Structures are given as C-alpha cells and as structure tokens.
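The values are calculated or read from the model by the stated rules, or taken from the named source; none is laboratory data. Model, not experiment: these values are computed from the prediction. Ideal geometry is used to build each Cβ from the backbone, glycine not excepted, and the neighbour counts take in all protein chains shown. Please note that ligands, DNA and RNA were not included when accessible areas were found on the heavy atoms of the full protein model with its side chains. Shrake-Rupley method; radii C 1.70, N 1.55, O 1.52, S 1.80 Å.
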Amino acid sequence: MGVLGCADIARRRMLPAFAASPHTELRALASRDAARARGTARLFGCRPVHGYRALLERADVDAVYVPLPAALHATWVEAALRAGKHVLAEKPLTTSTRHTARLFRLARQRGLALVENVMFVHHPQHAVVQKLVAEGRIGELRSLRAEFTIPRRPDHDIRHQAGLDGGALWDTGVYPVRAALHLLGPQLEAVGTVLTHDPALGVDTHGAALLRTPSGVTAHLSFGLDHGYRSVYELCGSAGRITVDRAFTPAADHPPLVRIETGTERTDLRLDPYDQVAGSVSAFAAAVAAGGAPSRPSLLQAGLLAALRAAAAPPPPRAPRTPAHHPSPLGRSRP
C-alpha cells in the first residue's frame, strides 16, 4: 500500500489498520510537505515520499489509499488508475456523478479495483438489522430515520472549504444517504432537500433530506457539521421499530446494541464488538484479489447526492464586505 496524504482519518484510522492487517503492507506515504511525510511515515515504518506523483511511480506499490479532500479525488484517483494501481478512496469518491462513473469505467478497462471507503457497511450489525426486517419483526416497513452530525471543527478545516468541496452534504450527508441505500434498496429517489449555509464559510453546515422508494417507504435524513455528535438510524414498521445507535462510526471495542420495540415489548440485542476499519481494509484486499469491485452502490450514492444537491435552494449571495471608513478618492468605499 501507498498513501497519498497525511489526512486526519489516515493517521487516526487507516494507517494503523493497514499496518495491522495481514492482507496489506505499508510501503510508502506521500505528502506535499516533505517534513510531514517523514514524520508520519516514521510512525508506521514506511518510506516517506515528497509529492503524490512520485509515489505513483513506485514499482513496489500495488495499491493506493486516497484520503485527500473531495475536490482532489477525481484527479488523483484517475492518476493512480492510469499508473496501474488499485485504489481505495475516501467518500465521496467524487462530487460529480459523471466523474464517478468515468473513474469506475477506467478501473474496469484496466482490470483494477476501485473502492469507495464507506466503512460502516462492513459492520455485521447492519446485516442483523436486515435479517430482522426480512423476518417481519416490525411488520411491513414504513420509514427510515437516519442522522449523522458531528461537532464543529476550526474554520480552516477542509470541511469548511468551499473550494475543496466541503460542506455538510458531502461530508456527513453521505452516511445517512448510504444507509438508506443499504437498508431500503436501490430504487430510492430524492424528494426534497434543505441545506443551511454559513455565509462566512461559504458552505452548508447542516441539512435534511427526504427520499422515497416506489412503494412509498420514506427515508428522513439529517446531517450536520455544527452539532452534538449523533450517529443513529431507526427503521419503523407497521408493528414496531428497530433502532441502532452508534450506527456509522462505532469504536472497534464498542458492543453494538440493536433495540427492537413492538407494542409494549422491548428487546435489546447486544452484539459482539467489531472493527469496521479492519473490515474495510479486508474487503478492499479481497476486491484487489478479485481484480475488481462492485460499483453500483457508489454510483447510486453519487446520483442521490447530486439529486439532493440539485433539489436544495441555492445559497443566498454573500454580502459584500464594506469597511467602516476608508473612502476612496471618488468618495466610495474601497472594495
């Protein structure tokens, strides 16, 4: 494995997982900052590389992980595929349905695995939920409610950079959207979206969305970057409901709780802990061994995210900045 960049998620979660996995060997880590590459690579016993292109030219790297800001994914995922590398890229793969489809076509043409790193789908707790629904434990399915929100980061964080495709929909909205696809199936369509923009940052900081299936099952989704932490979904049926807390980012030692409520009865299923980061790495290694990976979930996700973005009202124009008292020679305030 080679890694393009020293992003927080790479240092906290993915680099330790690559180093610990029996399926992967960390060979190199690249950064545009040579000192940062040296410092991070030293922690994981791999070779530092100055610049992403130089890492892609290495013959001892079979696959790369791309944790760069979303706006850079299309460029560097394509470069990696053209260099003959398998690719595991952070979500969203791109913020364009057309670009996402083009990258998957390129991967198929070259016989390479391209995988979007949606980790929570590998956690067994969701398979338990799907089985309970299929068995009719809550009757006929009526709706899904899913929420993923995180506390505010500093203003300079990449999530708050419009030029890097930041914003709540792309960063936190992807979780409940993918959960809806995972639990309700591929025929979802976007009904409406509300996005709240921060005029100082120039990005949406929270929002809500409504999806539906052809049969009328609805998905009510909420997401945000300026909230208390919340990571939950609830499936409601004609006879009860199933709730999963810590649904999207559970710690490896967290014992999941699946709660089933029917009438006045409540059943709590306590499951074994599971490391979904390690599961994601194992799934990527399996895709590499198979010479490819299913692309449909990521393509459907990209289409829904694009539809939700299009359904939202455009952000209000940013007010012009007018200094208090700096008149120009023409008697007007300087811009």
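Using only Cα coordinates, the Kirkwood hydrodynamic radius of region 38-172 works out to 17.7 Å.
Reported value for region 151-218: 92 Å³ per residue, from the convex hull of its C-alpha atoms. Scalar couplings 3J(HN,Hα) for region 297-307, obtained by applying the Karplus form with A = 6.51, B = -1.76, C = 1.60 to θ = phi - 60°, are x, 5, 5, 5, 4, 4, x, 5, 4, 5, 5 Hz; x denotes Gly and Pro.
What percentage of the solvent-accessible surface of the chain, computed with a 1.4 Å probe over protein heavy atoms, is contributed by carbon and sulfur atoms?
Working: 8260 of 15930 Å².
About 52 percent, which is the carbon plus sulfur part of the accessible surface.
Mean sequence separation of contacting Cα pairs (under 8 Å, at least six apart), scaled by the length of the chain, corresponds to a relative contact order of 17 percent. Each of (i) 1.14; (ii) 1.01; (iii) 1.05 is a candidate for Rg/Rh (Cα atoms, Kirkwood Rh); the one calculated from this structure is (ii).
Taking the chain as a Gaussian network of alpha-carbon nodes connected by springs under 10 Å, the highest mean-square fluctuation of the residues 123, 156, 182 belongs to 156. Couplings for region 119-127, taken from phi via the Karplus curve 6.51 cos²θ - 1.76 cosθ + 1.60 with θ = phi - 60°, read 6, 5, 5, 8, 6, x, 4, 6, 5 Hz in order; Gly and Pro are left as x.
Normalising by residue count, region 1-83 has a Cα convex hull of 82 Å³ per residue.
The translational diffusion coefficient of region 262-310, from Stokes-Einstein at 4 °C and 1.567 mPa s with a Kirkwood hydrodynamic radius over alpha carbon pairs, comes to 88 µm²/s. Amide H to amide H, with H built 1.01 Å from N, residue 246 comes under 5 Å of 231, counting only residues 5 or more places away or on other chains. Taking only the alpha-carbon positions of region 77-120 and ignoring solvent, what does the Debye formula give for the base-10 log of I(q)/I(0) at q = 0.22, 0.32 Å⁻¹? So the normalised log intensities are -0.67, -1.23. Relative contact order, whole percent, for region 1-44 stands at 49, derived from Cα pairs under 8 Å and 6 or more residues apart. Of the peptides 170-180, 299-309, 254-264, the order by per-residue mean of other Cβ atoms within 10 Å, starting with the highest, comes out as 170-180, 299-309, 254-264.
Under a model in which nothing but the beta-carbon of Lys, Arg (+1) and Asp, Glu (-1) is charged, the chain shows a dipole of about 940 debye around its Cα centre.
Based on alpha-carbon centroids, what's the gap between region 163-215 and region 56-107 in Å, whole number please? Their Cα centres are 23 Å away from one another.
Take every Cα pair under 8 Å whose residues are at least 6 apart in sequence, average their separation, divide by the length of region 61-134, and the relative contact order is 30 percent.
Computed from backbone phi, the HN-Hα couplings of region 229-237 come to 5, 8, 8, 8, 9, 9, 9, 10, x Hz, rounded to whole numbers (Karplus: 6.51 cos²θ - 1.76 cosθ + 1.60, θ = phi - 60°; Gly and Pro given as x).
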